[in-house]
Amino acid sequence: MTQVDVLLGLQWGDEGKGKIVDVLSPNYDLIARFQGGPNAGHTLEFDGKKFVLNTIPSGIFNDHSLNLIGNGVVIDPIILKRELDNLKLAGHDPVGLGKLVIARKAHLILPTHQLLDAANEQKMGAGKIGSTLKGIGPTYMDKTGRNGLRVGDTTMPDFKEKYNKLVEKHKEILSHYDFEYDLTEKESAFFEAIEFLKSIPHVDSEHLVNNYLKEDKKVLAEGAQGTLLDVDFGSYPFVTSSNTTTAGACTGLGIAPNKVGSVYGIFKAYCTRVGGGPFPTELDNEVGETLRKVGREFGATTGRARRCGWIDLPALKYAIMLNGVTSLIMMKADVLDGFDSIYACTHYEYAGETIDYMPFDIQTIKPTPILKEIKGWKSDLTKITSTSDIPAELADYLAFLEAELEVPIEFLSVGPDRNQTLKLK
Ligand code: GDP
Ligand code: IMO
Ligand code: MG
């Protein structure tokens, strides 16, 4: 019997998951998203074309693999329909080709979930989370509050009744906010999209995935967001509302923990964060501006400028521990090409002590990063195609990271294109 390999982000999201899932997808029979929703924006580039996926797994461009939107995902039918319509316009029709299935148990994002997200963020003012406003938090709240609507419900005769009941509840909550809204347009788009959703095969994902394993087929679970946005272990409350860690792949797909195989942990050669919350190594200066410009660090979903900083090793070690990472993947090394020196945070000064872990509260008592200087490679990585082309300074940086993190770096990414990927091990 095979096991499920998991690929997930080790930082605050946008590490490059979409690109690497696309690169690895020819090795897999099934690619499955297990949590999050259209707050995700996963970018893929190949043959001079660029695609951003929000809900659809990033294995969609590989001819032979099936793609599953798992039960742990929250689905906005309007966004999913738009994604598939856009793909069709670009000549890709995963539904027509039978390459996309959806878990019956995945929860639906309603237009009122988005309104609640917006009303809540507006009320929080400066202390807001910086949500993508896709309705993620309110949808997961209804899931755990046992009020949610699921994909499977759309085919039941009482769907409209259940919908109205939940929307009434949302309207009652919204009446307590000073928040104006008009639902009419969104609601008709929603029901149109629900009809479309019914044309995509609905499956019991737990059986599908486990049957694949029994048949010795290969499965890759694709994470969204990043470990430091995990609702339990991230920088709470500045997190998303799902478990973004390996454990989330178990609950989000219906696989037992002993069915997890390799865990690919993906990170940038530096660090970014979008939205509010602590970020110890943030560079709120010209250097951060350079990282943002060279790395094109603007949100794939919202277009917001991403905050940039140096790589944070205490945070990465924490993420590796939580996920049981077996292989590392380093992204965007090329963004550091122009620097004479780069820096890695090895420890924090925190409340008068030197520590090498993420403490409980880094929002009010801010840690000061202790940085190690690393000599830059000052050469263009984007054209390199073989490990023998890796400059000595970059090889030193990789060796330093492997020694610190105690996990091998298996892949190195040197540009956004599918081909700009080097296998190191
Ligand atoms: P994801 O959410 O983890 O899939 O990542 P995003 O797609 O949100 O953000 C990653 C961004 O970096 C995208 O614009 C990618 O095209 C781009 N990218 C991925 N890998 C590399 C790389 O190695 N170098 C550069 N320069 N860009 C990359
Ligand atoms: P991918 O999969 C980066 C951030 C938001 C906000 C917080 C909560 O592309 O890596 P939410 O919309 O979930 O209520 O927002 O989480 N966030 C992400 N940041 N990449 C993502 O996804 C993100 N999804 C959510 O910016 O700070
Ligand atoms: Mg992204």
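Sorting check: for 405-417, 158-170, 322-334, which peptide has the highest mean count of neighbouring beta carbons within 10 Å, and how do the rest follow? Don't jump to the answer; show the numbers that get you there.
Numbers: 405-417: 19.0, 158-170: 14.3, 322-334: 23.2.
With the highest mean Cβ count within 10 Å placed first, the list reads 322-334, 405-417, 158-170.
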Check: How large is the charge dipole for the chain, taken about the Cα centre, if only the Cβ atoms of Lys, Arg (+1) and Asp, Glu (-1) carry charge, to the nearest 20 debye?
Finding: 760
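Could you give the size of the charge dipole of the stretch 7-103 about its Cα centre, using +1 on the Cβ of each K and R and -1 on the Cβ of each D and E, expressed in debye and rounded to the nearest 20?
Dipole magnitude for the stretch 7-103 comes out near 140 debye.
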Note to self: Under 8 Å for C-alpha pairs, at least 6 residues apart: give me the relative contact order for the stretch 185-293, rounded to a whole percent.
What the structure shows: 18
Next item on the list: Please identify, among GLY59, GLY145, GLY295, the residue showing maximal mean-square fluctuation in a Gaussian network model of the chain using a 10 angstrom Cα cutoff.
Entry: GLY145
Note to self: Let me see the P(r) profile for the stretch 301-404: every Cα-Cα distance counted, bins of 10 Å, each bin given as a percent of all pairs.
What the structure shows: 12, 38, 34, 14, 2
Next item on the list: List the equivalent ellipsoid semi-axes of the stretch 254-328 in whole Å, largest first, each obtained as the square root of 5λ for an eigenvalue λ of the Cα gyration tensor.
Entry: 28, 14, 11
Check: Dipole of the stretch 311-425, Cα-centred, from +1 at each Lys and Arg C-beta and -1 at each Asp and Glu C-beta, to the nearest 20 debye?
Finding: 320
Check: Taking the convex hull of the alpha carbon atoms in the stretch 1-157, what volume per residue do you get, in Å³?
Finding: 153
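How many percent of the alpha carbon pairs in the stretch 38-101 exceed a separation of 16 Å?
42
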Next item on the list: For the stretch 204-266 and the stretch 95-155, compute the distance between their C-alpha centroids and round to whole Å.
Entry: 18
Notebook entry, point to check: Taking N as the number of residues in the stretch 352-425, what value does Rg over Cα atoms divided by 2.2 N^0.38 Å take?
Noted result: 1.45
Next item on the list: Specify the residue with the greatest mean-square fluctuation among LEU220, LEU208, LEU336, computed from a Gaussian network of the chain linking alpha-carbon atoms under 10 Å apart.
Entry: LEU208
Note to self: On a straight-distance basis, which lysines could pair with LYS218 in a cross-link, Cα separation under 21 angstrom, same-chain partners fewer than 8 positions away excluded?
What the structure shows: LYS17, LYS19, LYS99, LYS259, LYS423, LYS425
Check: Got a sec? Charge dipole of the stretch 145-230, +1 on Cβ for Lys and Arg, -1 for Asp and Glu; which of ILE194, LEU166, THR154 is way out at the positive end?
Finding: THR154
Notebook entry, point to check: Can you tell me the Rg and Dmax of the stretch 304-365, counting just the alpha carbons, in angstroms?
Noted result: 14.1, 36
Next item on the list: Mind telling me which of GLY16, GLY96, GLY248 comes out most flexible in a GNM of the chain, alpha-carbon contacts under 10 Å?
Entry: GLY96
Margin query: How large is the convex hull of the C-alpha atoms of the stretch 154-282 per residue, in Å³?
Written below: 196
Next item on the list: Could you grab the relative contact order for the stretch 1-155? Cα pairs under 8 Å, six or more apart, rounded to a whole percent.
Entry: 19
Check: Based on the inverse mean of 1/r over its pairs of different Cα atoms, what is the Kirkwood hydrodynamic radius of the stretch 223-268, in Å?
Finding: 11.1
Note to self: Going by amide H atoms built from the backbone, whose H comes under 5 Å of the H on PHE298, apart from near neighbours?
What the structure shows: ARG306
Notebook entry, point to check: Got the relative contact order for the chain handy, in percent, Cα pairs under 8 Å and 6 or more residues apart?
Noted result: 20
Next item on the list: Divide the volume of the convex hull of the Cα atoms of the chain by its number of residues and quote the answer in cubic angstrom per residue.
Entry: 142
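Each reported figure results from applying straightforward, stated rules to the coordinates on display, with no laboratory input. These figures come from a predicted structure and were not determined experimentally. Methodologically, a virtual Cβ is constructed for each residue, glycine included, from the backbone with ideal geometry; neighbour enumeration extends over all protein chains shown.
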